[in-house]
Structures are given as C-alpha cells and as structure tokens.
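Read-outs: derived from the displayed coordinates by stated rules, not from any lab. No experiment lies behind these values; they were computed from the predicted model shown. Every residue, glycine among them, receives a Cβ derived from its backbone with ideal geometry; neighbour counts consider all protein chains shown.
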Amino acid sequence: APIVELLILSGANVNAKDTLWLTPLHRAAASRNEKALNLLLKHSADVNARDKYWQTPLHVAAANRATKCAEAIISLLSSVNVADRTGRTALHHAVHSGHIEMVNLLLNKGANLNTCDKKERQPIHWAAFLGHLEVLKLLVARGADVTCKDKKGYTLLHTAAASGQIEVVKHLLRLGVEIDEPNSFGNTALHIACYMGQDAVANELVNYGANVNQPNEKGFTPLHFAAVSTNGALCLELLVNNGADVNFQSKEGKSPLHMAAIHGRFTRSQILIQNGSEIDCADKYGNTPLHVAARYGHELLISTLMTNGADTARRGIHDMFPLHLAVLFGFSDCCRKLLSSGFDINTPDNLGRTCLHAAASGGYCSGLNFLFSEQQSLMTPFLLFPTRTPLHYAAANGSYQCTVTLVTAGASINEADCKGCTPLHYAAASDTYRRAETHSGNSHDTDEEPLKESRLKEAIFCLEFLLDNGADPSLRDKQGYTAVHYAAAYGNRQNLELLLEMSFNCLDDVESTIPVSPLHLAAYNGHCEALKTLAETLVNLDVRDHKGRTALYLATERGSTECVEVLTSHGASALVKEKKKKWTPLHAAVVCCLSCLCFPCRTPLMLAITNGHVDCVHLLLEKGSTVDAADKRGRTALHRGAVTGCEDCLAALLDHDAFVLCRDFKGRTPIHFASVCGHSEILRTLLQAALSTDPLDSVVDYSGYSPMHWASYSGKDLVIYAQVPLCFFLWQKRASLNRCLFNKGTNSTTLSVLVSCFCHSRTPLHAAAFADNIHGLQLLLRHQAEVDATDQLGRTALMMAAENGQTAAVGGHEKCALLILGETQDLGLINATNSALQMPLHIAARNGLASVVQALLSRGATVLAVDEEGHTPALACAPNKDVADCLALILSTMKPFPPKDAISPFSFNLLKNCGIDTLGSSYSLVCKMGAVA
C-alpha cells in the first residue's frame with residue numbers, strides 16, 4: 001500500500017488500463033488487497049471501469065472471493081446488478097466461485113436472484129452445475145425459482161445431471177421438481193445423465209420414478225443415449241434392468257442396437273441382444289444393425305451380430321447388402337467376416353451394382369484386391385451388368401490404383417454404359433463425379449489442401465493411364481459428346497490439356513460443332529481456364545452452334561466477364577450474328593445489362609452507384625446514360641450516391657451536371673439523404689454544388705423539413721456542423737453574402753436564419769430535443785439557436801424534451817431539457833404555454849422528469865397556472881383526466897387519507913389504472929447451462 005500511495009502521489013493515473021483494459025482497481029480486487037483497493041478508492045478510482053469482457057471491479061472481487069473489497073466497492077455503486085459482456089452479474093460470479101459469504105453479501109445489498117445472462121442462465125444454474133449445494137440452498141431460501149430454464153430449456157435438474165452432482169440432484173428431487181421435464185430438444189434429466197455416463201445420477205433418477213422410455217424430439221429414449229455414449233455402459237445396464245424397451249425405435253427407425261452399432265459398443269450390444277433386442281430390426285432406410293456395423297467397420301460387432309443370427313443377405317438402403325457397405329468404405333476385414341457366411345459375392349443391388357462396383361466407387365484398392373483374391377468369377381459382373389462397369393466408377397472418382405487393378409484384371413477399357421459413356425468420359429470430368437469424402441470433425445483447411453492436391457494428381461494419373469492403355473478419346477456418347485467435351489463442360493483444365501496433348505485426333509473434336517463444340521460448353525459454364533486452353537489450341541474462335549451463336553455470344557449472355565476477356569484477347573469477333581434475331585455479342589451484352597431493369601424503373605447507372613462500381617459509373621456516363629433519370633419514387637442516381645457515401649461515384653455524377661436539388665416523391669433532395677445517413681464529406685460536396693443552383697430554393701421537403709431537421713433527429717452532429725457554415729446561402733436571397741459563409745467563424749446570424757421557419761414552424765432544435773440528440777442540441781445551442789421558438793401548436797423545444805421523457809431514455813431527455821434551460825433565464829419561456837395552455841412544468845410533471853421540474857421551479861415557474869382542462873401542474877401528474885379530477889376533489893376537501901385497511905377494492909383498481917401493479921410481477925426469466933450433447 002505505501003508503494004501504491006507513493007506512485008499515486010507522484011502522479012500515477014489510478015484509472016490506467018493495460019492491454020486487457022484492467023485497471024489497478026481490478027488488480028487489487030483480484031488479489032484481495034484491501035489496503036491497496038481502499039487507497040485507490042480514496043483517490044477516486046473508477047468503480048465502474050470495465051475490462052475487455054465488460055467486467056467491473058465488483059465482478060472481479062466476486063469471482064475471487066474478495067468479500068472486504070466487494071464491501072468497499074459496493075458502497076460507491078448505485079447498483080450491484082451490472083452485467084458483463086456475457087450478461088453475468090457479480091452474483092453469477094460469486095455463485096460460480098461457490099463463496100457463500102460473498103453470495104450472502106450481494107443478496108443483502110440488493111442483488112437480483114433471478115437475473116439472467118445472455119443464455120438465460122440464472123445464478124442458481126451455476127450452483128447446480130458446479131455442485132455448490134449450500135449456495136443453492138441459500139438461493140432457494142431467498143426465493144430463487146427452482147423451476148427456471150435457460151434458453152435451451154435446461155432445468156436445474158438437467159444441469160446437475162450433466163455434471164454428475166448427485167447431492168444437488170437429491171436435494172432438487174426432495175424439493176419436488178418435475179423429474180421428467182423435457183428441454184427444448186425433448187431430453188429429460190435421465191437422457192442427459194445417460195449421455196454423459198453419470199450412472200449414479202441415472203440410478204437416483206430411476207429410483208425416484210423417472211420414465212425410462214420417454215422419447216425426445218427425435219424419438220430417442222435414454223436407452224438410445226446410453227447405447228451411444230462413451231461411458232454409458234453402466235447406465236445401459238441400469239435401464240435394461242428397470243424395464244427399458246430394447247426395441248424402441250426412433251423417428252428414423254433406429255433401435256438402441258443401431259446406436260450401439262454406430263460406435264461399435266460391443267459389450268452393450270451383447271446386453272441388448274441378451275435382453276431381447278431384435279437382431280434384424282430395420283430403420284426407415286432398410287438398414288439393420290449389421291448394415292450399420294459394416295458401414296463403420298466394426299468387425300467384432302459384426303461377429304457378435306452374425307453369431308446371434310443376423311441376416312447377411314438382408315437388403316438395406318438402395319437394396320445394398322452389408323457386404324456392399326463394408327467394401328464401399330474399404331473395410332477388408334469386415335468383408336472377410338461377412339463372406340464367411342456363404343454370401344454370394346456377385347449378388348447385385350437394385351441398381352445392378354455388385355460388391356466390385358462398390359469397391360471401385362469407394363476408391364479403395366485394398367477392397368478390390370481382396371475381392372479378386374476371394375473369387376475368380378468376379379469378372380462375371382462385367383458381362384451380366386453392361387450398363388456401367390466397376391471401371392466406370394473408378395474412373396469417375398479418379399481412383400488411379402483401382403483403375404490399374406481393374407484394367408490389369410481384364411476390364412474393357414472402351415466399354416460404354418447405358419448413356420454411351422466410356423470410362424474415359426468419366427475420367428475427363430473426374431473432379432465433378434468424385435465421391436465426397438468424410439472428414440473428421442477436427443480437420444482443418446490447411447490439412448485438406450495437400451489432400452486435394454494429391455487427389456487432383458491421382459485423377460490426372462488415372463486419365464493418363466487410360467489413354468496409355470488404349471482408351472479412345474474420339475468415342476462419343478449417345479448425345480455426340482467426346483471426352484474433350486466432358487473436360488471442357490466441367491472445367492477440368494489439366495485433363496483437357498492432357499487429352500489435347502496425348503491425342504492429335506482430339507483436334508477434330510475441338511473444332512466439331514455437332515452437337516456443340518467444347519469451346520461453347522466451356523464458355524456457357526464460365527470455365528475461363530479451360531476456355532483459355534481451347535482458345536490457345538484453336539485457329540477459329542468464331543465457330544457457331546446450330547443457332548448461330550458463338551462462344552463469345554454465350555459467355556456474354558451468361559455474364560461471364562473473365563470468359564469474355566479470354567475470348568476477345570484471343571481474337572474472337574464481337575460482330576458475328578446469331579441466326580434468329582441477327583444479334584451480335586454486343587446485343588447480348590446490352591440485354592444482360594438491361595436485365596437489371598427487373599428492379600422497378602432502376603437504370604444500370606443507379607445499380608452501379610448502389611453497389612459502388614466506380615468504373616461502371618464512369619463507363620455508363622461516358623456512353624450517354626441519363627444522369628438525372630428517376631425511378632418510380634422519383635429518386636435519381638445522386639440520391640443513391642448520397643446514401644451509399646461513395647465519394648468517387650458522387651464526383652462522377654456531379655462532373656456530368658447531376659442536379660443536386662432534384663426531389664423524390666416526398667420532396668427530399670440528395671442533401672436530405674446525406675444528412676440522415678451521416679455522410680458529412682458527401683454533404684459538404686453537395687452543399688457546395690448547390691450554391692450554383694437556384695439561390696431561392698429553401699431545400700425543404702414537402703413536409704417542410706430541412707436537411708438540418710433530419711441530421712438533428714438522426715443524431716448526426718458532424719453533419720449538423722457541416723451544414724452550419726454552408727447551408728446559410730440556400731436560405732438567403734442575396735448572393736452577396738455567400739463569400740463570408742465559407743469562413744470558419746460563421747456568426748450567430750447564420751444559424752438563427754438556418755433554424756427558423758420550417759414544417760409546423762418546428763426548428764432543428766425541436767428535432768434534436770425530440771430525438772434525444774444531446775450532442776446535436778449542444779452544437780445548435782453553441783451557435784445561439786433560438787431556444788424560445790415555438791411550433792404551430794405553441795410548443796417550444798423545452799416542451800418537446802419534457803414531453804418525450806417516457807418515449808425514450810428518460811435521462812437523455814432530461815439532459816436535453818436542462819441544456820435548454822441553461823441557455824435562458826427568460827421567465828416568459830419558462831412559463832410559455834402551448835395551444836393546450838400547458839406550460840413546460842405541466843409536461844415535465846406529467847412525464848415524471850423530477851430534475852426538470854426542480855429546475856423549472858427554481859427559475860420561477862408558476863405552480864398555479866391551469867391548462868385548458870383546468871389542471872394545475874400538480875394535477876398534471878395524474879395519468880388521465882378522470883384521475884386528475886378525482887385528485888382535485890380530494891385536495892379541495894383537504895381531508896386526511898384513510899388507513900390502509902380501509903382501502904376498498906375500487907382503490908386497487910384505481911391504482912392499477914394509474915399504471916401501478918399491486919400484485920407484483922409474476923414473470924421470472926429462465927436460464928440454464930449450455931446444451932449437453
């Protein structure tokens with residue numbers, strides 16, 4: 001402490017913040033250094049300072065069990081319920097630390113028991129989750145809601161069950177909480193306990209009568225959760241022994257045995273089978289537990305299922321057998337186990353695909369080698385099902401090793417499928433057809449990049465191998481497309497280069513337009529890299545399809561800028577006409593641009609301005625686009641430029657003589673729009689441009705509001721400042737004054753002219769007061785705005801500030817009213833009346849602005865003046881006329897108030913009508929621990 005005092009006396013800043021925004025007061029509270037903390041407080045350390053997590057010193061003291069420090073801080077605070085960034089108060093942190101003394105202190109100082117953080121968790125949730133039983137009992141004794149829920153519907157019982165707090169669970173059950181209450185996902189506390197492997201909690205819940213067969217929103221029971229959980233073996237045994245239905249199926253038809261099969265829970269699957277689980281139960285896709293075990297490669301579980309009579313010939317999804325799934329995902333050991341049952345390896349699924357097709361499709365060469373080693377008759381499927389061979393699947397997935405294995409085994413390299421496609425067709429577009437791989441949840445993009453590169457190289461090797469082994473690139477499918485067409489259509493540049501390099505015969509296919517050339521396909525689909533490869537190979541880029549369209553026409557029509565650049569840079573002509581309308585690519589470009597007019601009456605220039613495309617704006621203006629064209633609301637491109645704030649776009653419009661004072665359907669100019677959006681530099685530019693237009697234009701909209709009104713209302717004080725020296729000329733008829741207005745020292749006359757005579761006679765000062773714009777109000781007052789100006793209803797800015805005290809932040813409007821009062825001692829303004837004969841004192845009293853009432857009374861406001869309804873300021877406090885009349889009658893008799901027990905039910909109704917809730921709030925916010933699982 002002496003060192004702290006010495007530093008402070010030497011000029012150290014007691015409120016300095018480090019990189020985490022922690023002040024010395026935060027540090028003292030965290031270390032429970034009472035002497036240092038009291039010394040800092042003595043030298044006016046900020047008790048409301050917040051760190052990067054918005055935590056105050058009280059939050060830190062509560063979290064670190066610094067009771068004495070908290071007491072010292074609380075004495076200087078107006079509220080102990082301030083929340084940090086996560087919405088947690090000091091009570092949340094105290095409960096989290098489990099310090100009952102701190103919790104008791106905060107509760108005694110007015111901490112709200114039921115305050116919620118941003119996930120709607122109350123302090124009592126943390127007590128339940130962390131097992132702070134004594135703290136929980138204290139909170140319950142003080143009135144905490146034991147039935148509260150968080151944003152995801154988790155109760156205290158869910159929370160305690162998730163973390164295995166058995167004593168808390170027992171206490172909550174003794175308090176009578178609903179044991180089978182579901183959360184937002186339909187999970188009960190028993191679901192959560194089983195999923196988290198909390199067997200002691202599960203046992204307590206079951207003994208208390210929890211429903212062991214209650215399904216959640218997806219139809220899963222606690223037994224499903226126990227079957228899939230990492231540590232749920234004991235929970236599963238407990239549930240089975242207490243009558244859980246082992247054959248209960250979820251909404252997708254999955255039984256607990258399916259769930260055990262997903263993760264290979266061998267012991268749990270045995271328990272389920274021994275207790276009557278149906279071995280061949282099928283889900284909605286037709287998959288049995290054996291299918292699931294084969295899909296995930298659990299060999300031991302497959303053995304258990306087969307030993308207990310699982311049907312290896314049962315068809316699942318797409319009529320696939322378990323063997324199909326095992327070989328599709330490359331589990332050779334599982335395949336060997338399944339084949340040991342005598343299953344026919346050549347049995348196809350409903351699409352005619354055998355296990356060999358599945359192995360080729362999966363791209364696992366080990367699976368193919370295993371199948372070939374098991375049976376020599378595997379070549380039969382090539383003859384029985386000629387629609388698509390395993391080689392087609394391997395080529396489509398770019399699987400080089402599988403392709404080599406199949407070709408070596410005798411697969412026909414040029415065999416066509418039902419669409420006339422050979423394996424080379426699929427290999428040419430292998431990036432498109434390759435089966436999506438499953439990645440683990442912790443994979444990162446940096447890990448995937450080398451994998452993608454490896455697959456790309458493998459796909460090229462696959463195509464190269466096919467070409468080296470007699471694949472014919474000139475073969476066409478039933479639509480007339482070759483492998484070159486496929487590579488161009490799917491943008492596979494490297495495959496396209498390889499095809500062109502290794503087969504000179506492909507050049508004829510590149511030139512071919514029947515049915516359409518590869519150049520057209522690449523242009524239509526926007527593959528600029530493939531298009532570039534073709535453009536460098538071809539002599540003539542102006543070949544036309546059957547409709548007479550060139551590749552340039554298609555690229556332009558599709559709006560592919562990069563493709564258009566590639567074609568034009570290689571000499572493609574923009575003058576070749578198509579057959580039907582005789583349009584050139586230039587026509588297609590115009591149509592593409594004009595398609596923007598699907599927006600109601602918006603020109604391309606408007607859209608370019610809206611999206612900030614400066615180059616497009618210049619190009620359109622150079623080509624003669626109408627700069628002042630308006631949409632159906634009368635708004636021009638300049639209006640849009642004022643909103644977006646793009647200075648370059650705005651300068652381009654003004655360079656082409658855009659009319660600054662053009663008005664939309666409400667009479668608003670671009671200056672209004674710039675004012676309301678707060679673009680001060682844009683506004684300054686527009687105001688300077690407006691000086692060269694009509695000097696008699698008052699720049700008010702059809703409602704009579706000026707840009708200053710809009711800036712004042714929107715809180716754009718920089719914009720207000722921009723208008724102070726520049727707008728004056730727009731309200732003056734004499735051009736001789738304009739030079740002095742650009743001087744920085746604009747005098748008070750400038751602003752007095754600016755802030756007079758608007759809609760309903762309201763000035764920007766009225767607007768600033770109405771909108772609680774304190775900074776704008778201060779700026780206007782510094783420029784000597786007329787504080788006693790009234791609108792057509794007789795209201796001054798002071799009345800406007802007082803009148804809106806309950807429509808927004810009351811404190812803000814009080815400040816506005818006090819700022820205005822600070823500028824005048826005029827008793828005429830203080831006692832001015834509006835059209836309803838109400839003085840500022842009437843209005844401030846009616847809206848509960850105590851500080852404004854006090855200020856008005858201190859300045860001589862009369863308390864006896866009556867409004868048009870005959871009410872004094874005192875009676876104006878009543879919420880309505882009837883109450884005011886009743887209050888007047890009571891005051892006139894000057895009788896004492898009746899005792900409390902003599903108040904009739906009518907009195908309570910009167911209080912209710914006055915806005916006083918006599919019963920108190922029955923609403924309590926609910927909150928809870930985050931979602932488990």
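Multiply the residue gap between LEU691 and ASN104 by 0.36 nm, knock off their C-alpha separation, and tell me the result in nm, one decimal place. Spell out each step's value before the answer.
Values: separation 587, 0.36 × 587 = 211.32 nm, distance 6.87 nm.
Separation in residues times 0.36 nm, less the Cα-Cα distance, equals 204.5 nm.
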Burial ranking of peptide ranges 150-156, 79-85, 845-851, 290-296 (average Cβ count within 10 Å, highest at the top): 290-296, 150-156, 845-851, 79-85
Do the alpha carbons of any pairs in LYS478/LYS579; LYS35/LYS68; LYS419/LYS579 sit beyond 19 Å of each other, and which pairs? LYS478/LYS579; LYS419/LYS579
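Hey, could you grab the Kirkwood Rh for segment 220-310? Inverse mean 1/r over distinct alpha carbon pairs, Å, one decimal.
12.5
Over segment 146-278, what per residue volume does the convex hull of the Cα atoms give, in whole Å³? All intermediate terms of the calculation are to be shown ahead of the outcome.
Details: hull volume 11.5 nm³, N = 133.
Taking only Cα atoms, segment 146-278 has a hull volume of 86 Å³ per residue.
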List the pair-distance distribution P(r) of segment 513-586, using every Cα-Cα distance, as the percent of pairs falling in each 10 Å bin from 0 up to the bin containing the longest distance, rounded to whole percents. 23, 61, 16, 0
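With an 8 Å cut-off on Cα pairs and a minimum separation of 6 or more residues, tell me the relative contact order of segment 1-145 in percent.
Details: 224 pairs, mean separation 24.1, N = 145.
Worked out over segment 1-145, it gives 17 percent.
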May I ask for the distance between the Cα centers of segment 272-339 and segment 455-489, given as a whole number of Å? 37
Which order do TRP126, TRP583, TRP21 fall in if you start with the one that has the fewest other Cβ atoms within 10 Å? TRP21, TRP583, TRP126
Based solely on C-alpha atoms, express the radius of gyration and the Dmax of segment 142-204 in angstrom. 10.8, 33
Gain upon complete extension [ASN213, ASP615; 0.36 nm per residue less C-alpha separation]: 138.1 nm
Could you give the distance between the Cα centres of segment 225-256 and segment 1-54, to the whole Å? 56
Segment LEU234-SER184, extension gain: residue separation times 0.36 nm, minus the distance between their alpha carbons: 15.4 nm
Under the √(5λ) rule applied to the eigenvalues of the Cα gyration tensor, what semi-axes describe the equivalent ellipsoid of segment 51-136? Give them in Å, descending. 18, 15, 11
Equivalent ellipsoid dimensions for segment 1-145 as semi-axes, Å, which come from the Cα gyration tensor, largest first: 29, 15, 12
